[in-house]
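Readers should treat all values here as calculations from the given coordinates under stated rules, not as data from a laboratory. These numbers come from a predicted model, not from an experiment. Note that we place each Cβ from the backbone using ideal geometry, even for glycine, and neighbour counts take in every protein chain shown.
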Amino acid sequence: MADIPTWHIAGEWFDNCSCAVACPCTFAQAPDNGFCECVLFWHIGKGHYGDTCLDDSCFVRVGRWDGDLWAGMVEGEFGIFIDERADDAQADALATIFGGRAGGFPGEVNALFSGGRKVIGTERAKIVYEITPNQSRWGVDIAGKVKAWAEAITGPTSNPGEYPRLTGAPGSETGPGQLVTWGKSQVCKVDAFGFEFSWEVNSAKHIPFDWRGPEAAPLRR
């Protein structure tokens with residue numbers, strides 16, 4: 001990775017997927033029914049790739065993967081949406097980082113796709129999203145193509161304004177040491193890149209991320 005510059009991005013990630021609550025992937029287990037259809041969202045609050053500023057950038061991945069991710073026995077197909085506000089240098093940097101080609105934690109995760117990982121297509125898009133400051137609600141819309149919204153789980157014994165959190169997750173999708181907020185999907189619809197699926201009342205979660213590269217310690221399996 002001699003041609004990869006130093007980079008660092010930090011922000012918020014959430015997903016909305018076909019697994020039941022609570023998603024087994026965060027516990028380093030295989031997904032329900034052996035597959036996952038999902039919407040993954042990243043918002044970079046502050047970041048750079050070499051001299052390219054990535055502050056306030058969004059990235060969305062939709063698709064399906066089959067197998068046990070954390071066991072390194074998985075294959076998948078995905079479509080990518082890059083924030084329409086990004087210039088060419090920013091778009092290239094986002095695709096390189098999240099595609100695993102710039103090392104860091106994304107590189108380690110992408111290496112787990114031993115059966116192959118195919119990007120079907122990439123589009124620029126107007127990405128409309130919301131993440132409330134207390135993580136009570138999060139979601140993303142891409143007109144006519146993606147609609148994925150969730151709320152933090154509450155129940156009859158919940159205290160007002162308090163939501164279920166997990167520390168020390170053995171399969172945290174954004175890396176070690178991050179705090180997981182558990183959610184429940186209200187809607188998860190995708191009609192893009194040949195994928196067409198719709199899930200309701202399934203798993204969702206919010207996790208911050210703080211990644212840098214190009215070097216990274218290998219994941220333990």
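Treating only the Cβ atoms of Lys and Arg (+1) and Asp and Glu (-1) as charged, compute the dipole magnitude of the chain about its Cα centre; round to the nearest 20 debye. Present the calculation step by step, with values, prior to reporting the outcome.
Values: 19 positive and 29 negative charges, 80 e Å.
Here the chain has a charge dipole of around 380 debye.
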Which value in Å is the Kirkwood Rh of segment 129-209 over different Cα pairs? 13.7
Tally Lys/Arg at +1 and Asp/Glu at -1 over every other residue whose Cβ is under 13 Å from the Cβ of Gly47; what's the total? -4
Calculated from backbone phi, Karplus (6.51, -1.76, 1.60) coupling profile of segment 189-205 in Hz, x at Gly/Pro: 10, 9, 9, 6, 6, x, 8, 9, 8, 8, 10, 9, 6, 10, 7, 8, 7
So what is the orientation-averaged projected area of segment 11-213, using the convex hull of its C-alpha atoms, in nm²? 10.6
Which whole-Hz ³J(HN,Hα) couplings does segment 110-124 yield from phi under the Karplus relation 6.51 cos²θ - 1.76 cosθ + 1.60, θ = phi - 60°, glycine and proline marked x? 4, 5, 6, 7, 5, x, x, 9, 10, 8, 6, x, 9, 9, 7
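Gain in length, Glu108 to Lys46, computed as 0.36 nm per residue apart minus the alpha-carbon separation, to one decimal in nm? Show your work: numbers first, answer last.
Working: separation 62, 0.36 × 62 = 22.32 nm, distance 2.16 nm.
Difference between extended and current length: 20.2 nm.
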For Asn16, distant residues with modelled amide H under 5 Å away: Val39
Would you mind pulling out the separation of the Cα centroids of segment 177-208 and segment 1-74, in Å? 12
Positive-pole candidate from Ala28, Ala95, Val146, dipole of the chain, charges at beta carbon: Ala28
Could you state the angle between the C-alpha long axis of helix 88-98 and the longest principal axis of the C-alpha atoms of the chain, as a value from 0 to 90 degrees rounded to the nearest 10? 60
Those lysines that a straight Cα-Cα span of less than 24 Å connects to Lys205, excepting residues fewer than 8 apart in one chain: Lys46, Lys126, Lys145, Lys147, Lys184, Lys189
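How large is the charge dipole for segment 1-97, taken about the Cα centre, if only the Cβ atoms of Lys, Arg (+1) and Asp, Glu (-1) carry charge, to the nearest 20 debye?
Details: 4 positive and 17 negative charges, 54 e Å.
For segment 1-97, the charge dipole is close to 260 debye.
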The answer for Arg117, listing residues at least 5 apart or on another chain whose modeled amide H is closer than 5 Å to its amide H, is Gly76
